[in-house]
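Taking it in order: structure first as structure tokens, then the write-up.
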Amino acid sequence: LEETNDPLLASIDKLVLIAVPQTGTPQAIGAALHGYDVALPADWASFLLNAETGRAFAGNAPMTYHLMPSASYQIGSGATILTPVVTFEIGEKTLPFTARYGTEINNATELNEFLLGAEGRPQPEFSDLKNPSKLSPELLQYAESMHSNIDSWSPPTSIAVHEVAGWGVPTLGSINYWTGKECVARTILGICTKKEAKLLYSPVPVVDGDGVVVVPSALGMQANEQATRWWVDLEAHNAENLDRDHANILEVQDVPKLIKQIIVNTQLGDFEFTSSDMPTPSADDARLVFILHSPLALSATDDQGNKISSSLSDVTGGVYRRFGEVQMISIPRRSLPTVILDGFATGSFTLEVLEMTGNSITSTTKFTGIPNSTSTQARISFPSGSIEGASNLQIDYNGDGVKDIEYIPLAGGIIEPIIDSEP
């Protein structure tokens, strides 16, 4: 759209953008590098399209590159606090990344270099979703050119713009790479006898989004007399109604009501969950986030016995996501959850626990390289809604109903098995 004498343009006086990823979204990075949310019909039921094929398709599809965070996303013309799209913790397996990019990527040049593997990583095998893929330089250049045109667009003075963003559903804000441990040899009773360093990636959620699109992108234009911003508080809506996110945000009753008011030129307002002011997270909105790297199924129950898993969500405010090889549950701390892990293949697992208020991580603990079998059952409870008051992580390695070993959570610490060769 340009300010010309085009009669078609002259017939447009209002533009309403509903949850549009104007400057891209970190979700696209995860899809192309690790197969985030690309399986069909769902990542936990991928009988039509698995994550491996989905990642290969995403890495060769122009629409994926359209959705990559653009230079405008990186410089922060959006509406809220930005987080780096990719971060690296200092460690053995992240050394090639930190040597090239430092501990975070927050500009377009470094992001493109990382997507192309400029630090020297090889292209992973088709079935290897754990290591990041390398993308197409031609498609990246094409997307850069496209975004340089559309991101610099300003609406003609004859057009009033309304941008609508969903808020309050945990949304991928960045991907964190770090060095964990993997148990590569064990006894028949599940005692680890050898472990190795392993590159792990973790999704870092933010509340500034609708589950797919982050607020800074949905509100990509600067607010002024011509552009008006609206926030839909999905967290508040979902606490009282059926859960809604990016895919069905139009089913939040306020949204079609807002669109109708804009079209018929009535006074805008009288909404239950929608406002021209950004919602503010409160202490009551604090969450526990559980991130599982492993061949186990992740689920949780609240203090009322309601359950959330890959196929079920009875917990108010609970969100389950699968990011390639990684599973995540985000759940209100006030639900006092118990996390349950059920083995379906032999290997070892890593469980991360994050305490979050808004977009801030206030405490963490990690259990890494814990051996498991196809019968393993593990659980950890949070009766006070915090890491500090959590129970031990109890492991029933062979599934006979008897606890075989337990690990004590440590706020700010990393817990891993001790093997015979270590002191």
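The values are calculated or read from the model by the stated rules, or taken from the named source; none is laboratory data. Quick caveat, the model's predicted, so the values are computed rather than measured. Here the Cβ positions follow ideal geometry from the backbone for every residue, glycine too, while neighbour counts run over all protein chains shown. Heads up: the accessible areas ignore ligands, DNA and RNA and are worked out on the full protein's heavy atoms, side chains in. Shrake-Rupley method; radii C 1.70, N 1.55, O 1.52, S 1.80 Å.
For S174, list long-range residues whose amide hydrogen, built 1.01 Å from N in the peptide plane, is under 5 Å from its own amide hydrogen.
Amide H to amide H, under 5 Å and 5 or more residues apart or across chains, S174 pairs with V204.
At 1.4 Å probe size, with the rest of the protein present, what percent of the exposed accessible area of region 183-340 is carbon and sulfur atoms?
Details: 3360 of 6750 Å².
Solvent-exposed carbon and sulfur of region 183-340 make up 50 percent of the total.
Over all directions, the average projected area of the alpha-carbon convex hull for the chain comes to how many nm²?
On the way: hull surface 87.1 nm².
Quarter of the Cα hull surface area: 21.8 nm².
For helix 254-264, what angle does its Cα long axis make with the longest principal axis of the chain, in degrees from 0 to 90 and rounded to 10?
10 degrees
If you place +1 on the Cβ of every Lys and Arg, -1 on the Cβ of every Asp and Glu, and leave all else neutral, what size is the dipole of the chain about its Cα centre, to the nearest 20 Debye? Show your work: numbers first, answer last.
Numbers: 25 positive and 51 negative charges, 161 e Å.
The dipole magnitude comes to about 780 debye.
Can you work out the accessible area per residue across region 356-423, with the rest of the protein chains kept in place, probe 1.4 Å, in square angstrom?
Numbers: 3310 Å² over 68 residues.
Accessible surface, normalised per residue, equals 49 Å².
For a label point 7 Å from the Cα of A239 along Cα→C-beta, name the residues of region 358-382 whose backbone N is under 16 Å from it.
358-359
Helix 137-150 against the longest principal axis of the chain: what's the angle in degrees, Cα atoms only, rounded to the nearest 10?
Relative to the chain, helix 137-150 is tipped by roughly 40 degrees.
Beyond 13 Å, what share of the Cα-Cα pairs of region 221-277 remains, rounded to the nearest whole percent?
62 percent
Apply the a/c threshold of 1.5 to the C-alpha gyration tensor of region 86-134 and tell me whether it is rounded, prolate or oblate.
On the way: a/c = 2.01, a/b = 1.33, b/c = 1.51.
Note, shape of region 86-134 comes out oblate.
Per-residue ellipticity at 222 nm for the chain, helices alone: DSSP H runs ≥ 4 residues times -39500 (n - 2.57), over residue total, nearest 500 deg cm²/dmol?
Estimated from H runs of four or more residues: -5000 deg cm²/dmol.
Taking the full set of protein chains and a 1.4 angstrom probe, give the accessible area of D37 in square angstrom, rounded to the nearest 10.
Around 90 Å² of this residue is reachable by solvent.
How much length would be gained if the chain were fully extended between K260 and I75, taking 0.36 nm per residue of separation minus their Cα-Cα distance, in nm to one decimal? Let's see the in-between values first.
Values: separation 185, 0.36 × 185 = 66.60 nm, distance 3.35 nm.
Extra length from K260 to I75 when fully extended: 63.2 nm.
Taking the square root of 5 times each eigenvalue of the Cα gyration tensor, what semi-axes in Å does the equivalent ellipsoid of region 353-418 have, largest first? Working shown, then result.
Working: eigenvalues 119, 31, 20 Å².
Calculated on Cα positions only, the semi-axes equal 24, 12, 10 Å.
Under a point spin-label approximation (7 Å from Cα along Cα-to-Cβ), what is the T98-D303 distance to one decimal in nm?
It works out to 3.9 nm between the two label points.
Nearest-5 percent of antiparallel DSSP beta bridges in region 68-204? Don't jump to the answer; show the numbers that get you there.
Numbers: 14 of 17 bridges.
Around 80 percent antiparallel, to the nearest 5.
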